[in-house]
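Any read-out appearing in this document is the output of simple, stated calculations on the displayed coordinates, not a laboratory observation. All of these numbers come straight from a predicted model, not from anything done at the bench. For neighbour counting, all protein chains shown are included, and Cβ atoms are generated from backbone atoms with ideal geometry for every residue, glycine included.
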Amino acid sequence: MTYIHVYAPLDGTVIDLAEVPDEVFALKMAGDGVAINPSGQVAVAPIDGQLVKLFKGGHAFGIAANDGVELIVHLGLDTIELEGKGFAKVAAEGQMVQAGDHIVFFDRSTIEAAGKVILSPVVSSGAGTIVQRASGVVQAGRDILFTLKLP
């Protein structure tokens, strides 16, 4: 068996996915994981891999690793409606990234002023089962957010 450590893509406090006020995430329809209430202003790559999707507005991205692991990081809820306002992409779709590389900068005050919830789901949508989850405060690119067990 192989274990993959997924690092926190954001500074902040870990929140149970069931507490996210969006049923797609709360009911794990997009995958299992956790959410982070961010305290910082940058989202980083949580694993080494390819940035397979970086949405035009910068509100979400997906990373795939060679072992079938796929992760989605969604910055806030319904933030697609902001059409990029409050987000600045610093990476490019298709780029190879290392855990800790900067992907998107965001401005919490701009996002919340637009009436959006900043809770940010981080979910596993590919191979593996989560066997351990962090709790409390995490630092982006430094602390393990969750561990995946691969078959």
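Between Asn37 and Glu81, the FRET efficiency from the beta-carbon distance, with R0 = 30 Å, is close to 0.90. Projecting label points 7 angstrom from Cα along Cα→Cβ for Val90 and Gln132 puts them 2.9 nm apart. Rounded, prolate or oblate, given the Cα gyration tensor of region 59-151, with a/c below 1.5 counting as rounded? Since a/c reaches 1.5 and a/b is larger than b/c, the shape of region 59-151 is classed as prolate. Comparing Val52, Val104, Val131 in a Gaussian network model of the chain, where Cα atoms under 10 Å apart are tied by springs, the biggest mean-square fluctuation is seen for Val131.
Placing a label point 7 Å from the Cα of Ile15 along the Cα-to-Cβ line, the residues of region 36-73 whose backbone N sits under 13 Å from it are 36-39.
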